[in-house]
Every structure is written in structure tokens, then in C-alpha cells.
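First comes the structure, then the notes that go with it.
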Amino acid sequence: MTRRLLGVVLAGGASQRMGADKALLSHPNGMSWLEAQVQLLRSADLEVCVLTGHGSHHQLLGTLEGVTVQAEPWQPAGPLRALSCVLHDRDDEALLTVPVDMPGLRQEAMQQLIFRWTMQPSRALVADDGSRLQHLLGIYPCGALYRKALDDELTKGESRWHVWLERIPHDSVKLPPDQLVNINRPGDLAALTG
């Protein structure tokens, strides 16, 4: 079965450690981090869904073609709960998830991720920086097995992505570590901008 691939930007975090909305920080290309991640996914001809609880994100992206901004029905409850808004039980789609706070991600790494996933599209594929999995950057098939494991994890009240990952069939792909750096604190940002 052929699965349609949908890009999903995870942008609903509270950014407490950063002290400001990370999605609106300035990207080296002149856009915001949020706009840059959307553009990256659109450059692969993917429709994009942005999961967020921030009204400013709706204002920023609301008129872009091929982009849907979906409000999370609760204020920051973590990326796995956000994913539950779009991961359905039909097996005709897969979700390429990208965190908004990975501004070094470039098209080559994303294309490598997509290419590797097409070899086994019924399994999830997760980015690996060589020392650990970067589970928010990955491709996750929809389907009953994936949805049930997600619901079970949320029902336990855990909402931990890495625990859900242990319950689903997945592989990993090593990608350039400099493109997979999450920026969570002002010190991380200072190191990025040098």
C-alpha cells in the first residue's frame, strides 16, 4: 500500500527554558524558525500541518498554501499528546515530524530520511545523531497498531515519546549530527549563532 506523506511541525511547546517562543526566533535564512521548518517540508512537496497552541503561529502561517495550522486542544502537554491530534488509525498516511527547535536541519538530511523510509514504509524511521535517537525527527506511519500504542501510552498518563517508540516497529537512520541539534536554552542559541 502506498502511504501519503504529510509533514508535521511540532511547535506547541511553552519554551520555558528559552524564555521566549522558540518558533518565532530568527533563523539564519531571515525567516522565523517556524517558517523555515514549514518551508523545508514544503520544498519536498509535502503538505504541512503545524501543531501549536500559540495564536501567533496561526497569524504567521494562516494564509500559506499547503499549510494547515492546527490548534492543540490543551496547553503544552508535550509532543506525543500533540501527535495524537493527527496520528489516525487508517494505514494510508505517514507523518514526517519535525521539531521547530531544530534550526540546523537541511534538505539533504530530510531527503535521506524520506528515501530510507520508502524502503520500509510500514515501519517508523527515526533520526539518529550517532549518540542517541532524535525521536521528534522521524517518519511515523498511521495505522491501528501505531494509534493503539499511542493511546495506551497516553492512557497511562506518561506521554513519553521514547516509551511509545519502544512499543512500535521502528528503525533508525544516522544523519549529520550538526543538523540534529535541539536548541532549548539561551546558551544553546548562543553556541549556534557563535
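Points to keep in mind about this one:
- Computed from point charges on the beta carbon alone (+1 for Lys and Arg, -1 for Asp and Glu), the dipole magnitude for the chain about its Cα centre is near 240 Debye.
- To the nearest ten degrees, helix 33-42 and the longest principal axis of the Cα atoms of the chain are 40 degrees apart.
- Our coupling estimate for the stretch 127-142, obtained by passing each phi through the Karplus curve with A = 6.51, B = -1.76, C = 1.60 and θ = phi - 60°, is 5, 10, 8, x, 10, 7, 6, 10, 5, 6, 9, x, 10, 10, x, 7 Hz, Gly and Pro reported as x.
- Compared with the direct C-alpha span, the chain from residue 167 to residue 4 gains 56.4 nm at full extension, assuming 0.36 nm per residue.
- Angle in degrees between helix 144-155 and the longest Cα principal axis of the chain, rounded to the nearest 10: 60 degrees
- Apolar share of the accessible surface for the chain: 50 percent from carbon plus sulfur atoms, 1.4 Å probe.
- Ranked by solvent-accessible area (1.4 Å probe, protein heavy atoms only, all chains present), the residues 85, 49 order from largest to smallest as 85, 49.
- Anchor residue 148: lysines whose Cα lies under 23 Å away (excluding residues fewer than 8 positions away in-chain): 156
- Here's how it looks for residue 69: its modeled amide H is under 5 Å from those of 50, which are all 5 or more places away or on a different chain.
- Note on residue 88 and residue 131: their simple-model spin labels are 4.0 nm apart, each label 7 Å out from Cα toward Cβ.
- Selection from 157, 114, 144, by position along the positive dipole direction of the chain (Cβ): 157
- Debye-formula intensities of the chain, expressed as log10 I(q)/I(0) at q = 0.13 Å⁻¹, are -0.65 (one equal scatterer per alpha-carbon, no solvent).
- Spin-label model, residue 106/residue 148: points 7 Å from Cα along the beta carbon direction are separated by 4.3 nm.
- Heavy atoms of the protein chains alone define the surface here; on that basis the chain has 47 Å² accessible area per residue at 1.4 Å probe size.
The values are calculated or read from the model by the stated rules, or taken from the named source; none is laboratory data. Since this is a predicted model, take the numbers as computed values, not measurements. No Cβ is skipped: glycine too gets one built from the backbone with ideal geometry, and neighbour counts run over all protein chains shown. Remember, those area values only see protein heavy atoms, side chains included, never the ligands or the DNA or RNA. Shrake-Rupley method; radii C 1.70, N 1.55, O 1.52, S 1.80 Å.
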